[in-house]
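Novice: First the structure, which I've put down as structure tokens, then a few questions once you've had a look.
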Amino acid sequence: MASSASVGHPRPASLGAETMCGALLRTIADRPDDLALRSPDGATSLTYAEAFAEIRAIAGGLHAAGLRRGDTIGLMMANRPEFHLIDAAAMLLGAVAFSVYNTSPPDQVGYVMGDAGNRIAIVGGELGDVVRQANDHGASLERIVDIDAGGLEELVAEFGDRELDFEARARAVRGRDLLTLIYTSGTTGPPKGVGITHANMLAELRGVHDAVPTASGGRQVSFLPSAHIADRWASHYSGFMTYGNTVTPIAALADLFDVVAQVKPTVFGAVPRVWEKLRAALEAKGVTADTPGDAVKEMLGFDQVEWFVTGAAPTPVEVLEFFDALGIRICEVWGMSETSCVVTAVRPDAWRPGSIGLPLAGMELKLAEDDELLVRGPLVMAGYRNKPELTAETIDPDGWLHTGDVAKVDEDGYWWLVDRKKELIINAAGKNMSPANIESQLKAAGPLIGQACVIGDRRPYNVALLVLDPDAAAGLDPEDPDVVARVQAEVDAANAKLARVEQIKRFALLAEEWLPGGEELTPTMKLKRKPIAARYEARIEELYA
């Protein structure tokens, strides 16, 4: 029997605010003694009152450094409590804090910070060298604050005991003001700065709560990059600022489930690959769909979760059904940076695996003539920074945002994704296929396939480039015939669940590891299909020889 989210939780009082500044100040006032932020090792532990004292001190330092309403400030650091404090301090001054992916090279950091126009960057020590090179690539940084080299303390000390009408500056912020910039991870061309307003984010938070009302004062882990809209929404604006949850940031993904077992979160979300790897790990321990779910949930630290979430890519239905049999009901959500995060969500009490669910309140969805999904409503971004022409291409004169996703809707109003409009495979016989769905089947078929890229556009059949999972296949040689045979068995298992025309006829098992932020994957682990096709052109042609 699957669990479902608790019902009847009222909206947090913070959601009555007009800006995220007001939401945070209300949460702090209501929960001064509740634990706000902590590190996994317990070295950092701050109540909301203690966090506010830190935020005020940092805000004073930022003000002394010249940060004012409407200014931008760049953050580049691992997931850690300081991120939440610094971002909040800038926000309460009316400034616009944004994050840069930690895997970004100097030229990309320079491009992003040049586009954002920030004069101040705050970094974790290990990333300082990258940011210091950004001025050679288009940035105009006047000050780089290294929080691991005493930079934050120096910044705070510069303000000293001077008075700052802190609350007045926070009250001056308006809902239409820019809250943050989310720089897309760049599968096609350079990153685009998505402008999200305070009103956008509050509409997001209200819509999600009305769809799946969860309790305030819970517990969360933060492990996705803070440059990604999902973590900013889920752990920062939602968990920390709105719900008064205790947020535990996790710097290393390898520590995720150890920390989850310690924290016992009340909400938990992850991208499909995390769920796929967790399923493989559980099956390796002998867990099956018939195993008593309560024992598994307690072992994982999931026994108090109200809402399990997945998104950002398709999750194979069999993965969802495996966990649901254990009482872990994973609900898919769909959205984009350009829509402030979630637009549609599967409700736990109206579960429809494979669907992306129903729209949040206030959002309109429709299909264009070519079945591209169009959305309109209060979640749609203010626009792309410094790109009015691209903004006009993306949001039409009637306010409809063209998502680039191909979708369908069923007779009950549930929405289903087909694939990205520009990524559909149309084979030599004219058959349309979704590479993303085929790739998800390959990765879910067993523990060894870590990444997959399907090729087949204008070709007679589909082939795949496969990369071994670095954890499950540690120490294995991709050229070993036994390893190749085991991977072939996983491909066969995936093919058994695909239509004949979708099946993988041949594959190449690559010796390389594809890393987030590298040549083949964006920081959020989306495939960079054109660079992959160019880099592995010879291998691909061999598969069609």
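Novice: Can you tell me which residues in the stretch 48-62 are more than 20 Å from D165 (Cβ to Cβ) and surrounded by 18 or more Cβ atoms within 10 Å (Cβ to Cβ)?
Specialist: Matches in the stretch 48-62: Y48, A51.
Novice: If we keep just the residues of the stretch 123-137 that are in contact with an Asp or Glu (Cβ under 8 Å, 6 or more places away or on another chain) and either over 27 Å from A252 (Cβ atoms) or hydrophobic (A, V, I, L, M, F, W, C) (or both), which is surrounded by the fewest Cβ atoms within 10 Å (Cβ to Cβ)?
Specialist: Selected residue: H137.
Novice: Restricting the search to the stretch 234-259, which residues are crowded, with 22+ Cβ neighbours inside 10 Å and over 14 Å from N79 (Cα atoms)?
Specialist: Matches in the stretch 234-259: Y237, S238, G239, M241, T242, Y243, G244, N245, T246.
Novice: For E153, indicate whether it is out of contact with any helix residue (DSSP H, G or I) (no Cβ under 6 Å at 6 or more places or on another chain), touching a residue at least 40 places away in the same chain (Cβ under 8 Å) and part of a helix (DSSP H, G or I).
Specialist: no
Novice: Tell me which residues, restricted to the stretch 208-239, are closer than 24 Å to G193 by Cα, touching a helix residue (DSSP H, G or I) at 6+ places or on another chain (Cβ under 6 Å) and aliphatic (A, V, I, L, M).
Specialist: L224, I229
Novice: Now for a separate question. Would it be correct to say that E520 is surrounded by fewer than 17 Cβ atoms within 10 Å (Cβ to Cβ), in contact with a strand residue (DSSP E or B) (Cβ under 8 Å, 6 or more places away or on another chain) and under 30 Å from S337 (Cα atoms)?
Specialist: Judged against the criteria, E520 is not a match.
Novice: Which residue is nearest to D492 (Cα to Cα), if the candidates are limited to the stretch 427-441 and must be among the aliphatic types (A, V, I, L, M) and outside any helix (DSSP H, G or I)?
Specialist: M433
Novice: Give the residue that is surrounded by the most Cβ atoms within 10 Å (Cβ to Cβ), with candidates limited to residues of the stretch 284-296 that are out of contact with any Pro (no Cβ under 8 Å at 6 or more places or on another chain) and in a helix (DSSP H, G or I).
Specialist: Per the criteria, the residue is G293.
Novice: Shifting gears a bit: Quickly run through the stretch 68-84 and pick out the residues that are hydrophobic (A, V, I, L, M, F, W, C) and surrounded by fewer than 23 Cβ atoms within 10 Å (Cβ to Cβ).
Specialist: The answer is A78, and nothing else.
Novice: So which of L25, L67, L62 is assigned to a loop (DSSP other than H, G, I, E, B), over 25 Å from the mean Cα position of the chain (by Cα) and either among the aliphatic types (A, V, I, L, M) or more than 18 Å from G207 (Cα to Cα) (or both)?
Specialist: L67
Novice: If we scan the stretch 495-510, do we find a residue that is in contact with a helix residue (DSSP H, G or I) (Cβ under 7 Å, 6 or more places away or on another chain), closer than 20 Å to G354 by Cα and small (G, A, S)?
Specialist: Looking for residues that are in contact with a helix residue (DSSP H, G or I) (Cβ under 7 Å, 6 or more places away or on another chain), closer than 20 Å to G354 by Cα and small (G, A, S), one finds none in the stretch 495-510, hence no.
Novice: For the stretch 91-114, what are the residues that are crowded, with 22+ Cβ neighbours inside 10 Å, under 24 Å from E520 (Cβ atoms) and in contact with a strand residue (DSSP E or B) (Cβ under 6 Å, 6 or more places away or on another chain)?
Specialist: S99, V100, V112
Novice: Name every residue in the stretch 467-520 that is modelled with pLDDT of 90 or more, within 16 Å of C453 (Cβ to Cβ) and of a type in the set (A, V, I, L, M, F, W, C), in order of residue number.
Specialist: Scanning the stretch 467-520 gives V467, L468, V487, V491, A494, I504, F507, A508, L509, L510, A511, W514.
Novice: Do the conditions hold for L164, that is, is it crowded, with 20+ Cβ neighbours inside 10 Å, farther than 30 Å from I395 by Cα and at pLDDT below 95?
Specialist: no
The values are calculated or read from the model by the stated rules, or taken from the named source; none is laboratory data. All values reported here derive from a predicted model rather than from experimental measurement. Counting neighbours? That spans all protein chains shown, and the Cβs are built from the backbone with ideal geometry, glycine included.
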